[in-house]
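I have placed the structure first, in the form of structure tokens, so that the comments after it can refer back to it.
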Amino acid sequence: AQSVTQPDIHITVSEGASLELRCNYSYGATPYLFWYVQSPGQGLQLLLKYFSGDTLVQGIKGFEAEFKRSQSSFNLRKPSVHWSDAAEYFCAVGAWAGYKLSFGAGTTVTVRA
Amino acid sequence: SQTIHQWPATLVQPVGSPLSLECTVEGTSNPNLYWYRQAAGRGLQLLFYSVGIGQISSEVPQNLSASRPQDRQFILSSKKLLLSDSGFYLCAWSFDRGQGEAFFGQGTRLTVV
């Protein structure tokens, strides 16, 4: 069964600083990996996804993530955060023709002025 | 393009009352459908998923049930709500053949009083 760990529950970052959110997965085959963002009281929005090919994937809102098979990681990065990036971020892993995604517990990002 | 509608956005119900949350998807056929519950700091818990009309799989035993009376309609129900049913409920869909990438509704905040 697949699983996801997000080691950081809460991260505080200054506006304009870089951001990196960690994600480690467990899955026996090639995983399909996702990052979602959730603003308070809202649903989840897909930021980016990795299925195959280039291990560095670009997403919306200036985010990118890098798949590292040797480390079973899929960390999310943004070079310069904006106050609007304050939200909760979820990493998820899926499988081909699989019915379910497995989500991490989420990382809450606070942006200070 | 595909859209997902989930309602109501907010609901306050007394203990012991029934529950019905509805979710519909437009713009696709035979989607996989999901109900998640989100508790603070605990990520997303998959409650039910469905791969077709009348086909419901339950992930965790609980006071809730789900039904799929039409291809793109998914309903979450309870005959008698408990205080512990309070939470944020999210409906989601994915393509019937794919990598499990899920698309989420805006969620329902349920408070049982």
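The values are calculated or read from the model by the stated rules, or taken from the named source; none is laboratory data. Just so it is clear, the structure is predicted and the values come from calculations on it, not from any experiment. A quick note on method: Cβ atoms are made from the backbone with ideal geometry, for glycine too, and the neighbour counts reach across all protein chains shown.
Below are the figures for this structure:
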{"quantity": "Condition met for A:V57 (free of Cβ contacts under 8 Å to residues at least 24 places away in the same chain and among the hydrophobic types (A, V, I, L, M, F, W, C))", "calculated": "yes"}
{"quantity": "Residue count, segment A:15-36 (criterion: surrounded by 12 or more Cβ atoms within 10 Å (Cβ to Cβ) and more than 11 Å from chain B (Cβ to nearest Cβ))", "calculated": "13"}
{"quantity": "Single residue of B:Q73, B:Q6, B:Q45 found to be away from chain A (no Cβ under 14 Å) and surrounded by 13 or more Cβ atoms within 10 Å (Cβ to Cβ)", "calculated": "B:Q73"}
{"quantity": "Cβ-Cβ under 6 Å pairs, at least 6 apart or on other chains, segment A:76-96 side of a type in the set (D, E, K, R), far side assigned to a strand (DSSP E or B)", "calculated": "A:R77/A:E20; A:R77/A:E64; A:K78/A:L19; A:D85/A:V111; A:E88/A:Q38; A:E88/A:T108"}
{"quantity": "Close pairs from segment B:80-104: first farther than 15 Å from B:Q2 by Cβ and surrounded by fewer than 18 Cβ atoms within 10 Å (Cβ to Cβ), partner modelled with pLDDT of 90 or more and of a type in the set (G, A, S), Cβ under 9 Å, at least 6 apart", "calculated": "B:K80/B:G16; B:K80/B:S17; B:L82/B:G16"}
{"quantity": "Residue check, B:L21 part of a strand (DSSP E or B), aliphatic (A, V, I, L, M) and either closer than 24 Å to A:G94 by Cα or at the interface with chain A (Cβ under 9 Å from one of its Cβ atoms) (or both)", "calculated": "no"}
